[in-house]
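The values are calculated or read from the model by the stated rules, or taken from the named source; none is laboratory data. Just so we're clear, the structure is a prediction, and the values are computed from it rather than from any experiment. Cβ coordinates were reconstructed from backbone atoms using ideal geometry, including for glycine residues, and neighbour counts include every protein chain displayed.
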Amino acid sequence: MALREGGELRYLERQLRAISGQTQQRLTHALKRAADEHSQAFAVFDSAAARMHVVVQPLEGQGDGVDELVLVTLTDEDAPGGRIPVEALKALFDLTGAEARLASALVAGSTVEQYARQRGVTSGTARCQLNQVLLKTGAHRQADLVRRVLCSAAAHLAGPENDGFGTR
């Protein structure tokens, strides 16, 4: 299975592999460094289609002493729909569904006006919702809101199943 069409990394037979020797060498180096040094290792893999970020971190107290276990996290810079889940925002910040959808859209890079058009509401309504979101989250401006959301547990749940504008 290709992780992304035209991408450098593949998941085959329960193994993460690269399509070229040079890329495989960089991936192997990151995996080895994380296991040997017991610290995080980072790598970036570019392709015509996207840029993939890889973080490898050792799992302390795991493994059989011979093979250390590591956690590999892959993120695609340009993945569509990598929104913060609305349900998580509702629960963590006590937001309404509409407020959580707005916050998710803002974190994903939408403007208030784009969000309003997509949802079929006026900019005034969206700005009123934004004021409520700021109040409930304790943020003073949009940049502070984005920082708070990205530093929350909700940011670890981002996924393509939630488009930020949907009814979830």
Top-ranked residue in the stretch 82-97 [being of a type in the set (A, V, I, L, M, F, W, C) and part of a helix (DSSP H, G or I); ranked as nearest to LEU135 (Cα to Cα)]: PHE93
The lone exception for GLY164 - which of (1) at pLDDT below 95; (2) over 15 Å from LYS90 (Cβ atoms) it fails: (2)
VAL44 vs. criteria at pLDDT 80 or above, among the β-branched types (Val, Ile, Thr), closer than 28 Å to GLY7 by Cβ and surrounded by fewer than 14 Cβ atoms within 10 Å (Cβ to Cβ): yes
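Looking at VAL112, VAL133, VAL107, VAL121 in this structure, which one is of a type outside the set (Phe, Trp, Tyr), crowded, with 20+ Cβ neighbours inside 10 Å and modelled with pLDDT of 95 or more? Talk me through it step by step, then tell me what you get.
Values: VAL112 fails: crowded, with 20+ Cβ neighbours inside 10 Å; VAL107 fails: modelled with pLDDT of 95 or more; VAL121 fails: crowded, with 20+ Cβ neighbours inside 10 Å.
Among VAL112, VAL133, VAL107, VAL121, only VAL133 is of a type outside the set (Phe, Trp, Tyr), crowded, with 20+ Cβ neighbours inside 10 Å and modelled with pLDDT of 95 or more.
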Out of ALA153, ALA143, sole residue that is surrounded by fewer than 13 Cβ atoms within 10 Å (Cβ to Cβ) and in contact (Cβ under 8 Å) with a residue 12 or more places away in the chain: ALA153
Residue satisfying all of: in the stretch 98-138; assigned to a loop (DSSP other than H, G, I, E, B) and under 24 Å from THR75 (Cβ atoms); farthest from the chain's Cα centre (by Cα) among these: THR111
